[in-house]
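To keep things clear, I will list the structure first and then write my remarks on it.
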Amino acid sequence: MQTTTNTVLILGARGRFGLTAARAFAEAGWRVLGQTRAGAEVPQGEASIEWLGIDLYDTKALAHAAQGATVVVHALNPAYTNKAWMTQVLPMTDAAISITRALGATLMVPGNVYNFGAAMPAVLREDTPQVAQTIKGKVRIQMEQRLQQSGVRSVVIRAGDFFGGGKGTWFDTTMVKEIRKGVFTYPGAPDVSRAWAYLPDLARSFVAVAQQRAKLPAFEVLHFAGHRITGQRWLDVLTPLAQSQGWVKPGAVLKMAKLPWPIIRIGALLVPTWGALLEMYYLWQTPHALANDKLTALIGAEPFTPLPQAAQAAMADLGLVKPAASRMAQTEPQRAALAQ
């Protein structure tokens, strides 16, 4: 009989990261409670998740339904517009804090690199100064301050851009959108190295940290290194997949197209989402990576799926290729480049 000591509540369990995290916790033997909006359709074939159709802001009802949960994962995000972030992120955070406090649990939150701003150094550590100039960056700083000041045990695990685990990222909405036509669209300079997080690896890291949470202070920030990838590296990895599917001829390579940022700049005056994207353009021009020393000191080697396998799995999640025989992550010692 399973005890309540290993029960996790996932807020926003229907979402990309929420569902991936729910699966990872379930695979590790946790009881998983998945919060969704009341009346929302839940994914089929997820028998390991107990769905709670309760609105996030009905905090008393949600905490009551999730009694026994010792970890809460806040996987909710508003629409990708500055207005939505300014008006919804902090209320969502407050609701998550309230639920976690009522449960006497630990709150876990996925973070990003927005906090550091355009002047960020090439290697980002937990104590790197946060000097964001963008609206989203400032909101993320406020969010983490709210967590730290709440008195609720909290841990932020910061990571780079997501890929894998379904739709809704740069990977599927832009980069491989036209791959069946032999075109790979890259939003930035092809030689700039950036931080990327393969979602199943990040989710497994959340589980590993949750299992070691008793060793953490009341508020902690950890960095997930993930992958450091250039546009050219993406092209090199995706081209063999495209060749195997007949999207390009044998021996040929994918065509690398550029995202039309000048058009986006003009459209940003009328389309709020484009305006929000434009504000974060610097992330495609600024080399950055996350140093995971603190994370690996806590959990050991970071879960790590080599990029060719991760890319194929991400493509399979989108229905573009068949899944590989195995998706089990490997582990890799801390990246030597980050230790230099």
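Table for the structure above
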{"quantity": "Pick from region 137-165, criterion of a type in the set (Lys, Arg) and closer than 22 Å to Thr20 by Cβ, ranking: surrounded by the most Cβ atoms within 10 Å (Cβ to Cβ)", "calculated": "Arg158"}
{"quantity": "Answer residue from region 282-294, given it is under 16 Å from the mean Cα position of the chain (by Cα) and hydrophobic (A, V, I, L, M, F, W, C) and is farthest from Ile179 (Cα to Cα) among those", "calculated": "Leu290"}
{"quantity": "Region 165-177 residues that are within 13 Å of Leu238 (Cα to Cα) and of a type in the set (Phe, Trp, Tyr), paired with ones that are open to solvent by 20 Å² or more (accessible area, probe 1.4 Å) and outside any loop (DSSP other than H, G, I, E, B) (beta carbon under 9 Å, 6 or more apart)", "calculated": "Phe171/Asp161; Phe171/Phe162"}
{"quantity": "Tally, over region 55-87, of residues that are over 24 Å from the mean Cα position of the chain (by Cα) and charged (D, E, K, R)", "calculated": "2"}
{"quantity": "For Arg265: the one exception among (1) within 27 Å of Arg180 (Cα to Cα); (2) without any contact (Cβ under 8 Å) to a residue 24 or more places away in the chain; (3) not hydrophobic (A, V, I, L, M, F, W, C)", "calculated": "(1)"}
{"quantity": "Among residues of region 87-116, those that are part of a loop (DSSP other than H, G, I, E, B) and without any contact (Cβ under 8 Å) to a residue 40 or more places away in the chain, counted", "calculated": "1"}
{"quantity": "Any chance Ser205 is polar (S, T, N, Q) and within 13 Å of Ile157 (Cα to Cα)", "calculated": "yes"}
{"quantity": "Filter result for the condition that a residue is touching a helix residue (DSSP H, G or I) at 6+ places or on another chain (Cβ under 9 Å) and either surrounded by fewer than 22 Cβ atoms within 10 Å (Cβ to Cβ) or part of a strand (DSSP E or B) (or both), over Trp196, Trp234", "calculated": "Trp196"}
{"quantity": "Residue in region 51-71 that is within 24 Å of Tyr198 (Cα to Cα), open to solvent by less than 10 Å² (accessible area, probe 1.4 Å), free of Cβ contacts under 8 Å to residues at least 60 places away in the same chain and aliphatic (A, V, I, L, M) present", "calculated": "no"}
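The values are calculated or read from the model by the stated rules, or taken from the named source; none is laboratory data. Remember, it's a predicted structure, so these values are computed and weren't measured experimentally. Counting neighbours? That spans all protein chains shown, and the Cβs are built from the backbone with ideal geometry, glycine included. Areas reflect the complete protein model, heavy atoms only, side chains present, ligands, DNA and RNA absent. Shrake-Rupley method; radii C 1.70, N 1.55, O 1.52, S 1.80 Å.
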